[in-house]
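Visitor: This is the structure I want to talk about, given as structure tokens.
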Amino acid sequence: MKKKARRSQVADEGSSNQEECCALCRLSDDDPAMFGEKVTLKEHKLSVHYFCLLTSCGVYQRGEEDEGVFGFLVDDIQQEIRRSARLTCCCCKKKGACVGCNVRSCRKTIHFPCGRKQKFISQFTGLFPSYCPDHSPTQSLCVGLDLSLPQSCSVCLDSIEPVLCYSVLKCPSCNASWFHRDCVQRQAHSAGLFFFRCTLCNNKDDFQEEMLRMGIYIPERDASWELEANAYSELLEVYNRCDALACLCNDGRSHSAKTGWFEVIRCRLCGSRGTHRKCSGLKLNTSDWACSDCTQAADGKASLVASPQGGQRRSLLSKRHLSPIHSSVSCKRPSLPVGSGSPEDLLQALAAQLRPLSVQVEVRRDRALAAGVELVRRTDFDPTHTLSVRFKDHWRTAFPSSHQDSDSARQGFLKLLVQQIQDSVVFEGPEGSKNLALDSQALREDLYFDVGCLLALSLVHGGPPVGFFSRALYQCLFNFPPNWPLTVAHMTPDTHSTRQVSRIAKAKSLDELKEVMAASWEYLELAGCNRPISSLEERDVLVEDLVSFTLITRMQLPLQRFREGLRTLGVFDQVQLFPSEFCGVFCEAAVRLSAQTVGQLFTVEFSQQDDRLDRETPIVTFWRHFLLECEVGRSSISLQDLLHFATGAEEVPAAGLLPPPTISFLHPVTSSPPGAEQEEGRGRGGRKRRKVRPQTEVWRDEGLFPQREPNSKHLLLPVTSSYQAFKSSMEQAISHHVHLLPTAS
């Protein structure tokens with residue numbers, strides 16, 4: 001009894017496995033893209049692949065679509081199974097080969113899955129013929145086209161062998177899109193008849209016709225992503241949530257009234273952020289609002305609409321909105337490779353916009369900022385013109401005579417300009433870490449724009465690094481680091497608002513917090529944060545709102561105008577592309593000169609003659625040793641004196657020194673010792689004839705000093721016999737240059 005039961009169980013398992021296998025190809029694989037949909041008729045204990053039915057030679061659709069298997073009647077299928085059972089597959093040598101080559105003289109028969117392995121092509125159109133490899137259609141290259149062969153599949157992007165064959169096909173229209181057969185078959189199965197097209201040229205008609213010819217099945221249906229139920233239902237949903245830092249609605253952030261203070265207003269730019277009017281301090285009739293993310297992405301332009309003062313300020317502050325600074329310069333900045341290296345390289349690329357035409361600037365030492373503001377407010381001001389600076393006679397004594405030269409005078413002016421901008425009413429805070437200050441007069445005069453324009457001008461025209469921005473100001477301007485939270489520590493120290501916010505942040509109990517808030521009610525009311533606090537946990541959110549109001553909300557207009565000024569010559573756009581590279585230029589003080597940095601500035605140009613090269617090689621060692629002694633204070637001159645002597649620059653500009661500084665060598669004039677020539681007698685004509693003995697050169701170090709060419713940044717080092725002579729020569733020449741600088745009388 002047990003043996004009979006076990007045999008019965010095995011028989012049942014075999015029967016179920018047989019039902020799962022395709023009755024034509026004897027495979028149980030269920031891959032709709034490769035074999036078509038596998039349909040099982042349980043009442044007939046029959047399973048079959050759709051492609052096996054389509055390509056079988058002896059069965060046709062004689063029924064309606066809802067009859068049998070997609071119109072193939074069950075009786076016809078079973079008759080085809082009996083017919084093919086007598087035919088042997090030329091691949092696996094098993095019975096049931098229902099697919100045959102359409103060429104009458106060819107007797108090859110095969111199972112459909114075996115046909116894919118043996119490179120049979122079945123065309124899913126017309127009478128659905130199949131062809132063996134000997135008679136199957138092929139593709140060929142177009143000889144007249146000058147195209148480079150692709151190296152990757154345009155569907156899966158994996159590497160591809162650029163040889164047309166059964167497994168590699170190409171688009172007949174563009175001839176540039178090549179792909180694996182399996183990849184394009186799966187693409188066709190997914191895209192359907194209405195969306196199946198070349199992935200490169202987007203051709204549809206010719207592409208589909210060629211793919212059908214090459215045996216790709218294209219289902220007559222919509223794309224698979226269109227058939228999914230409610231696939232795009234989320235597009236019909238409207239964002240209804242308040243994203244303000246502190247929501248004041250008692251019904252929660254998801255509540256949206258039909259009208260009034262607690263109606264959710266969506267961002268007019270992205271639509272994916274919202275706020276209650278009350279929670280963002282908007283007016284009751286406000287319907288046009290932009291979120292902070294879009295405002296930053298639009299460089300603050302979106303805030304002009306949302307700002308309560310936008311309508312009043314627009315006509316006043318747009319006076320230079322279409323000036324040459326914006327229209328003719330920012331749109332012409334040179335294209336830079338993504339991932340460009342140092343800020344020096346990026347600024348030098350912007351400097352390519354500068355033209356040889358010069359604009360005259362007369363400067364007094366204590367009024368460099370006033371001279372700069374006057375310059376940018378000229379109606380004919382063009383930032384691409386080279387600055388030609390002349391210091392007025394009364395203050396000329398405060399500068400070396402070389403400052404009357406173009407480069408040195410310009411660099412001296414730009415250095416004074418950056419120093420005076422840092423100390424202007426536009427900025428506040430400790431030295432080297434400045435925030436923007438809110439000054440009503442500066443707003444009326446549009447000084448924020450002027451200062452931003454002057455800083456951009458300084459960076460491109462060879463001025464020093466800015467170096468005094470606080471990290472908070474840099475983050476507000478360029479959003480770097482991205483989404484970096486601002487805290488009380490980023491506020492300007494020793495201001496009334498900072499002291500009030502600090503007291504709130506330091507409150508240790510709820511009673512103390514309420515007491516501090518009561519004392520600061522005016523500031524809280526101004527910031528829109530005068531709300532009831534029921535627990536100490538709400539303190540941090542309150543402090544965050546106050547910091548955001550102090551550094552961002554109330555500074556929207558100054559930040560906007562400052563950004564617009566920085567757009568001059570494309571500086572703002574370049575910094576926004578590479579904020580990490582420029583962070584040091586704006587936020588870090590200039591690094592003190594070192595022997596290494598000064599040495600790296602200069603390129604040594606050796607002589608071609610061997611005898612001179614032998615003398616010049618030790619001078620390079622003398623030069624490096626001299627730089628080290630200047631750095632550690634063992635010389636009477638400093639590295640700054642040396643840099644100024646050689647290049648005319650008091651410090652290295654943000655854009656680097658142009659042209660790049662070079663070094664060559666000043667060789668001494670050699671002479672012969674006395675008695676090197678002796679009279680030998682008189683020659684023809686009674687002329688004396690001297691016999692010249694081999695000369696022994698006398699190396700004279702006296703009177704040999706370094707020479708400079710500031711305009712070309714070229715330094716000539718004296719070729720001396722010893723380091724002491726080299727050091728003495730350098731110190732004398734540079735000290736003479738420094739101590740002869742006129743001083744204020």
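Visitor: Scan segment 492-508 residue by residue and report those that are out of contact with any helix residue (DSSP H, G or I) (no Cβ under 7 Å at 6 or more places or on another chain), farther than 17 Å from Thr553 by Cβ and part of a loop (DSSP other than H, G, I, E, B).
Guide: Pro493, Asp494, Lys506, Lys508
Visitor: Is at least one residue of segment 535-544 assigned to a loop (DSSP other than H, G, I, E, B), more than 23 Å from Asn435 (Cα to Cα), among the hydroxyl-bearing types (Ser, Thr, Tyr) and touching a residue at least 12 places away in the same chain (Cβ under 8 Å)?
Guide: yes
Visitor: Also: For segment 357-385, give me each residue that is open to solvent by less than 40 Å² (accessible area, probe 1.4 Å) and hydroxyl-bearing (Ser, Thr, Tyr).
Guide: Thr384
Visitor: Filter segment 400-428 for residues that are part of a loop (DSSP other than H, G, I, E, B) and at pLDDT 90 or above; which is most open to solvent (accessible area, probe 1.4 Å)?
Guide: Ranking the candidates gives Asp423 first.
Visitor: Somewhere in segment 603-617, is a residue in contact with a helix residue (DSSP H, G or I) (Cβ under 8 Å, 6 or more places away or on another chain), more than 30 Å from Lys434 (Cβ to Cβ) and part of a helix (DSSP H, G or I)?
Guide: Checking segment 603-617: not a single residue is in contact with a helix residue (DSSP H, G or I) (Cβ under 8 Å, 6 or more places away or on another chain), more than 30 Å from Lys434 (Cβ to Cβ) and part of a helix (DSSP H, G or I).
Visitor: So, of the residues in segment 255-285 that are open to solvent by less than 80 Å² (accessible area, probe 1.4 Å) and of a type in the set (S, T, N, Q), which turns out to be farthest from Glu525 (Cα to Cα)?
Guide: That would be Ser272.
Visitor: Can you name every residue in segment 228-254 that is within 34 Å of the chain's Cα centre (by Cα) and open to solvent by less than 30 Å² (accessible area, probe 1.4 Å)?
Guide: If the condition is that a residue be within 34 Å of the chain's Cα centre (by Cα) and open to solvent by less than 30 Å² (accessible area, probe 1.4 Å), then Ala231, Cys242, Ala244, Ala246 are the ones that fit.
Visitor: Right, something else. Going by what's in this entry, would Glu605 be described as open to solvent by 40 Å² or more (accessible area, probe 1.4 Å), within 40 Å of the chain's Cα centre (by Cα) and closer than 30 Å to Pro430 by Cβ?
Guide: Criteria not met by Glu605.
Visitor: Can you name the residue in segment 420-429 that is of a type in the set (S, T, N, Q) and over 31 Å from the mean Cα position of the chain (by Cα) and, of all such residues, is farthest from Ser712 (Cα to Cα)?
Guide: Within segment 420-429, the match that is farthest from Ser712 (Cα to Cα) is Ser424.
Visitor: Run down Ala456, Ala518, Ala472, Ala489 and say which single residue is open to solvent by 70 Å² or more (accessible area, probe 1.4 Å), of a type outside the set (D, E, K, R) and part of a helix (DSSP H, G or I).
Guide: None of the others qualify; the one that does is Ala489.
Visitor: Next question. Say we look at segment 706-722 and pick out the residues that are touching a Pro at 6+ places or on another chain (Cβ under 8 Å) and either surrounded by fewer than 16 Cβ atoms within 10 Å (Cβ to Cβ) or assigned to a strand (DSSP E or B) (or both); which of these is modelled with the lowest pLDDT?
Guide: Per the criteria, the residue is Ser712.
Visitor: Out of the residues in segment 632-659 meeting the condition of being outside any helix (DSSP H, G or I) and under 15 Å from Lys727 (Cα atoms), tell me which one is most open to solvent (accessible area, probe 1.4 Å).
Guide: Checked segment 632-659; the qualifying residue most open to solvent (accessible area, probe 1.4 Å) is Arg634.
Visitor: Residue by residue through segment 578-591, note down the ones that are closer than 13 Å to Pro464 by Cα and either open to solvent by 40 Å² or more (accessible area, probe 1.4 Å) or basic (Lys, Arg) (or both).
Guide: Selection gives Glu588, Ala589, Ala590, Val591.
Visitor: Exactly one of (1) under 16 Å from Val39 (Cα atoms); (2) open to solvent by 60 Å² or more (accessible area, probe 1.4 Å); (3) modelled with pLDDT of 90 or more; (4) not aliphatic (A, V, I, L, M) is unmet by Phe70. Its number?
Guide: (3)
Visitor: Now for a different question. Which residue out of Cys106, Cys183 is within 30 Å of Lys93 (Cα to Cα), at pLDDT 90 or above, out of contact with any Leu (no Cβ under 6 Å at 6 or more places or on another chain) and part of a helix (DSSP H, G or I)? Give the derivation first.
Guide: Numbers: Cys106 fails: part of a helix (DSSP H, G or I).
Within the list Cys106, Cys183, the selection yields Cys183.
Visitor: Scanning segment 492-512 for residues that are over 39 Å from the mean Cα position of the chain (by Cα) and closer than 27 Å to Leu282 by Cβ, which turns out least open to solvent (accessible area, probe 1.4 Å)?
Guide: Of everything passing the filter in segment 492-512, Ile504 is least open to solvent (accessible area, probe 1.4 Å).
The values are calculated or read from the model by the stated rules, or taken from the named source; none is laboratory data. Computed from a predicted model, the values in this text were never measured in an experiment. Cβ atoms come from the backbone with ideal geometry, glycine included; neighbour counts cover every protein chain shown. Just so you know, the surface numbers come from the protein's heavy atoms only, side chains and all, with ligands and any DNA or RNA stripped out. Shrake-Rupley method; radii C 1.70, N 1.55, O 1.52, S 1.80 Å.
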